[in-house]
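Peer 1: I'd like to ask you about the structure that follows.
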Amino acid sequence: MTTAALLDAPARSYVVHQPGPGRFPLVGAPVVVSSADHPGVLRVAGDLRADLHRVTGVQPALGHDTIPAGADPIIVGTLGRSPLIDRIVARGRLDVGDLAGRWETTVEQVVDDPLPGVARAFVIAGSDQRGTIFGAYDLAREIGVSPWHFWDDVPVERRDDLYVLPGRHSQGTPAVRYRGIFINDENPSTGTWAPGFFGPGKAPGHPGGLTSSYYAKVFETMLRLKANYLWPAVWGRAFAEDDPANHAVASYYGIVIGTSHEAPMMRGIEEWNRNPTGTGEWSFRRNAAAITEYWRAGARRMAVQDVEGVITLGMRGTGDVSLPDGDGVDLMREIIDSQRRILGETGLLGRPQVQTLYKEVQRYWDDGYRPPDDVTVVFCDDNWGNLRRLPEAGLPSRSGGYGLYYHFDYVGGGRNYKWADTINLTNTWEQLNLAYASGVDRLWMVNVGDLKNEEMPTQFFLDYAWNPADWPVERLGEWTRRYAAENFGAELAPEIAALLDAYGHLQSRRKPELLNRRIVLSGDRVLYDDEASPFSLVNYGELDRVTQDWIELAHRSEQLRERVGGEWQDAYFQLVHYQIKDTAILYELRRAQFTNLAYAAQGRAATNRLADLAERLFAEDQAMSDFYNNVLAGGKWCGWQIQPKIGYGDVARYGPDAPWQQPERDAIALPDEIYPHLRRITVPEAADMGVALDGGDPAVLPELSPWQSGPDPFIEVYNRGGTPFRFEITADQDWVRVEPGEGVVDEQLRATVTVDWRHAPPGRTDVPITVIGGGRAVVVHAPIDNPQVAPAGFLEAGGCVAIEADHYDGMAGRWRLLPGIGRTGNGLTPLGDDARLDYLMTLTTAGPVRITAYLSPRNNVRATGGLRYAIAVDGQEAQVVDVIEATGADDGEMNLPWARHTSDNINTTTTTHRIDRPGLHTLTFRALDPTIVVQRLVVDTGGVRDSYLGPPESLRV
């Protein structure tokens, strides 16, 4: 392999723990840097020395320019800036022909006889300042220092022996030039914790600002993750004013500073709010002179302080909204022309510039406006991880290229999601891969909220931006194992990675903040109810099933926690256990809460017990937060874990924004204020029998079939009084069994209904079942279907067939498997034309059927005719569905259909087909647009019951 090819190859581990031929010993090796190098390189040399000390227990010397006599040093330096590196190159000991002129590239190499009197050295040479910094921090990661050592208290494993393998090592040149994070939505967590930990801000009247001490920790972590670009926090904060040292510290670390989409010309919008000029109105039409001067001051400050930055152009309304002046193209052209004149006046016109097509700003692009060619056009997601637009293949190339703005955290409709990491890595991979393949490679920015709590997706985002070729979708599991090993060691890494993968999959079903919002279609309208569970309490055992998934995951985490070493307990709690365990508590709380409300409506004696359980679970959640804030890491994170997640939707208490905006705190910290509010009832003393059926129908059970894939249906006998009573259940046919058939009910009891299929008659039968108890008799009905057609493929039962997309019987064209992207399984996306999937199914009925396609909630990124698929049965004429047109979703307006799709993390559309006969049939799905992601298909022959995830997958022969 050539040197150039090596620089572009996937990185491999180059530090080992055993000596061997040509291996360079790191323990005790002095770190040497030239005093003429960049300040950021001098600083990182000190960090590398400290990291080596932490791992080995041996404090290496730190030298500037001079190498201790007889020592084999670690030499850190920048090509063309470090005389040490340049002398090694001049002596012909280090080939940098492919290093010079490259962006942020490093070579690490054991070099013999690098300088006179030096036998050997391990050389870390960078093409530029950040290349050198990244090389030094890469060595720190290789010896076992996690990038999250500060933010998550990850310790190091002590090593007595560390050796660098001989040869030439490199992480290559980054695929994306600017790779950054946006600290945003930072109240209440960062906004409370940081001033207490680092001290208040230094702007007069604004003590809640974030200081350079805070940002130094952010910058260090960014560089350890190979990020180079920051949008600073904006909620009532001004980076340049809260601490006058902020810009200088960014330069010292080598971080590129930008501003968000609402803050042009290197000035955060809070600066305008604090220092209005003229009329103070943020309107270019009515206050252009004052605004222009405001922008000019920002440009002058950037020039005088020599800030390395990316300059945001354009304009949005203050408060992250659209302009009050309207959205005409002529106005936007005038705004950007004015900004470019200012950049010319201040000598900044050659600096990187961007226009971010966020929300309504995309309309300018769609209406034909194109910023100057050297301006990077930044495309955005819809705030929920679904890209809105990408450059068309036929567009002329831009010297400024294209960028991406993405979200792991969001404040806005359909509801804030800020509390915990809820990111599905496969979903993120698919969208990032699509962007990169579309030529979006100049700049990638991701909103990470507080940064802490979004560690894993942030690291993945930055790793993928560095080199997408390293991480095809087939290697996502390996990436998670590496992440786990980097923080907890190789032994536990597979089990921790399995927990994290399962966590991301379960969280992708629905954000925790949305567990008390049910969104439904009513005709052509979308309605939401913030006093209902999205998961069905009665159909398919759905709420019980999803809650049990979380309980089992939390149990696995608790078992693994017992095996984690004592030093790693704090890190495990922060990076793994807290979000798993507390989400499980939240699901249990919601189950108890909504069951309590349902029981209260039925007058069940168990109602108050469920209210008590919900309050205990609320107290358990609060105890988790209390431990985080006051005990974890010796109280280091005091004030951090205070993000509300339970009280959303209480309009009476929090006003009209309550459906989407966070409450002031979780249930006012009082369990009797959990929203929706718990109910308690007065239970009479006398026994009073009630009967409830699986499926929620008051008189008819779900259909029983030998082909059913789910659990057997049940009859629930409950008490509305305080006195126990005896009950008896008998079926009209002896081949229908109910167990238990008799007993005593204190509060309630479930009896399972089964069929002895050896004696059941063919076809459909209705069997009455009588329940007697508490002085009452209730007759319910069990519909029985014993099919008489040969079973093949997926089998109809209970009036439906449910199919996971990747369980196809035939395929044409090329498809990519997306593991775990679906709410209930995997997904498939086409890779070319004529992409077809065939599914065999046996139906027991004929006539009209409804087929629902469950697709990932994508937007039409190509702006060319929608997002379409075609579907047919048995070769009939295919029905073509445009999922955007059919659902009325508008990501630009963020309307209710769009809010439903993003909140539910699914887009469902339904077509009607006619089946000519019972028996074997073929369902064919074709993807007509390349960004379709199909998760599952459900055929409703008349029995599909309302649920969030849809029926469990059907039995398959």
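The values are calculated or read from the model by the stated rules, or taken from the named source; none is laboratory data. These numbers were taken from a predicted model, which means no experiment stands behind them. Cβ sites come from the backbone with ideal geometry, for glycine too, and all protein chains shown count toward neighbours.
Peer 1: Give the number of residues within the stretch 223-253 that are touching a Phe, Trp or Tyr at 6+ places or on another chain (Cβ under 8 Å), surrounded by 24 or more Cβ atoms within 10 Å (Cβ to Cβ) and aliphatic (A, V, I, L, M).
Peer 2: So the count comes out to 3.
Peer 1: What residue, among those in the stretch 272-286 that are basic (Lys, Arg) and not in a helix (DSSP H, G or I), is farthest from Val329 (Cα to Cα)? Give the steps one after another, and end with the answer.
Peer 2: Initial filter on the stretch 272-286 (basic (Lys, Arg)): 274, 285-286.
Then keep just the ones that are not in a helix (DSSP H, G or I); that gives 285-286.
Numbers: Arg285: 13, Arg286: 17 Å.
Only one residue tops the list, namely Arg286.
So that you can scan it fast, the table gives a plain yes or no per residue for (1) in contact with a strand residue (DSSP E or B) (Cβ under 7 Å, 6 or more places away or on another chain); (2) more than 26 Å from Ser146 (Cβ to Cβ):
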{"position": "Leu62", "(1), (2)": "yes, no"}
{"position": "Thr66", "(1), (2)": "no, yes"}
{"position": "Gly92", "(1), (2)": "no, yes"}
{"position": "Leu99", "(1), (2)": "yes, yes"}
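Peer 1: Give me a count of the residues in the stretch 879-926 that are among the hydroxyl-bearing types (Ser, Thr, Tyr), out of contact with any helix residue (DSSP H, G or I) (no Cβ under 9 Å at 6 or more places or on another chain) and surrounded by 15 or more Cβ atoms within 10 Å (Cβ to Cβ).
Peer 2: Summing the residues that are among the hydroxyl-bearing types (Ser, Thr, Tyr), out of contact with any helix residue (DSSP H, G or I) (no Cβ under 9 Å at 6 or more places or on another chain) and surrounded by 15 or more Cβ atoms within 10 Å (Cβ to Cβ) in the stretch 879-926 gives 4.
Peer 1: Right, something else. Determine whether Lys226 is under 26 Å from the mean Cα position of the chain (by Cα), modelled with pLDDT of 95 or more and on the phi > 0 side of the Ramachandran plot.
Peer 2: yes
Peer 1: Could you grab the pairs with beta carbons closer than 8 Å, sequence gap of 6+ or different chains, first residue in the stretch 391-402 and outside the structural domain of Val861 (by TED's automatic domain parsing) and closer than 15 Å to Gln355 by Cβ, second one assigned to a loop (DSSP other than H, G, I, E, B) and at pLDDT below 90?
Peer 2: none
Peer 1: If the Cβ limit is 9 Å and pairs must be 6+ apart or interchain, which residue in the stretch 48-71 that is under 15 Å from Ser34 (Cβ atoms) pairs with which residue that is modelled with pLDDT under 95 and surrounded by 14 or more Cβ atoms within 10 Å (Cβ to Cβ)?
Peer 2: Pairs that qualify, where the first residue is under 15 Å from Ser34 (Cβ atoms) and the partner is modelled with pLDDT under 95 and surrounded by 14 or more Cβ atoms within 10 Å (Cβ to Cβ), are Gly63/Ala71.
Peer 1: Is it true that Arg370 is outside the structural domain of Ala863 (by TED's automatic domain parsing), among the charged types (D, E, K, R) and free of Cβ contacts under 8 Å to residues at least 24 places away in the same chain?
Peer 2: yes
Peer 1: Here is a follow-up. Test Leu543 against the criterion of being over 28 Å from the mean Cα position of the chain (by Cα), crowded, with 18+ Cβ neighbours inside 10 Å and either outside any helix (DSSP H, G or I) or not aromatic (Phe, Trp, Tyr) (or both), and give yes or no.
Peer 2: Spelling it out, it is not the case that Leu543 is over 28 Å from the mean Cα position of the chain (by Cα), crowded, with 18+ Cβ neighbours inside 10 Å and either outside any helix (DSSP H, G or I) or not aromatic (Phe, Trp, Tyr) (or both).
Peer 1: Can Gly144 be described as on the phi > 0 side of the Ramachandran plot and touching a residue at least 40 places away in the same chain (Cβ under 8 Å)?
Peer 2: Here the answer is yes, as Gly144 does meet what is asked.
Peer 1: Another question, then. Name the residues in the stretch 355-370 that are in a loop (DSSP other than H, G, I, E, B), in contact with a Lys or Arg (Cβ under 9 Å, 6 or more places away or on another chain) and over 14 Å from Val440 (Cα atoms), would you? Lay out the reasoning, then the answer.
Peer 2: Of all residues in the stretch 355-370, those in a loop (DSSP other than H, G, I, E, B) come to 357-358, 367-370.
Checking which are in contact with a Lys or Arg (Cβ under 9 Å, 6 or more places away or on another chain) leaves us with 357-358, 369-370.
Matches in the stretch 355-370: Tyr358, Tyr369, Arg370.
Peer 1: Follow-up question, since we're still on this one. Checking Trp384 against (1) within 20 Å of the chain's Cα centre (by Cα); (2) within 20 Å of Tyr229 (Cα to Cα), which single condition isn't satisfied?
Peer 2: (2)
Peer 1: Looking at the stretch 287-314, which of the residues that are in a loop (DSSP other than H, G, I, E, B) and either within 35 Å of the chain's Cα centre (by Cα) or in contact (Cβ under 8 Å) with a residue 12 or more places away in the chain (or both) is farthest from Ser251 (Cα to Cα)?
Peer 2: Applying the filter and picking the extreme gives Gly314.
Peer 1: A further question on this structure: Quick one: which of Arg389, Arg398 is of a type in the set (D, E, K, R), over 22 Å from Pro897 (Cα atoms) and in a loop (DSSP other than H, G, I, E, B)?
Peer 2: Arg398
Peer 1: Could you tell me how many of the residues in the stretch 597-607 are assigned to a helix (DSSP H, G or I) and touching a Phe, Trp or Tyr at 6+ places or on another chain (Cβ under 9 Å)?
Peer 2: Going through the stretch 597-607 one residue at a time, the tally reaches 3.
Peer 1: Regarding the stretch 10-30, can at least one residue be identified that is closer than 27 Å to Ser251 by Cα and buried (at least 16 other Cβ atoms within 10 Å of the Cβ)?
Peer 2: Yes, there is a match, as at least one residue in the stretch 10-30 is closer than 27 Å to Ser251 by Cα and buried (at least 16 other Cβ atoms within 10 Å of the Cβ).
Peer 1: Would you be able to say whether some residue in the stretch 332-339 is of a type outside the set (A, V, I, L, M), in contact with a Leu (Cβ under 7 Å, 6 or more places away or on another chain), within 25 Å of Val218 (Cα to Cα) and in contact (Cβ under 8 Å) with a residue 60 or more places away in the chain?
Peer 2: No - not one qualifying residue is present in the stretch 332-339.
Peer 1: Filter the stretch 509-531 down to the residues that are surrounded by fewer than 19 Cβ atoms within 10 Å (Cβ to Cβ) and of a type in the set (A, V, I, L, M) and list them by number.
Peer 2: Those that are surrounded by fewer than 19 Cβ atoms within 10 Å (Cβ to Cβ) and of a type in the set (A, V, I, L, M): Val520, Leu521, Leu527.
Peer 1: So, of the residues in the stretch 833-861 that are among the hydroxyl-bearing types (Ser, Thr, Tyr) and closer than 26 Å to Asn895 by Cβ, which turns out to be surrounded by the fewest Cβ atoms within 10 Å (Cβ to Cβ)? Write out each step before concluding.
Peer 2: First, the residues of the stretch 833-861 that are among the hydroxyl-bearing types (Ser, Thr, Tyr): 839, 842, 844-845, 852, 854, 856.
Those left that are additionally closer than 26 Å to Asn895 by Cβ: 852, 854, 856.
Working: Thr852: 18, Tyr854: 25, Ser856: 26.
Among residues in the stretch 833-861 that are among the hydroxyl-bearing types (Ser, Thr, Tyr) and closer than 26 Å to Asn895 by Cβ, the one surrounded by the fewest Cβ atoms within 10 Å (Cβ to Cβ) is Thr852.
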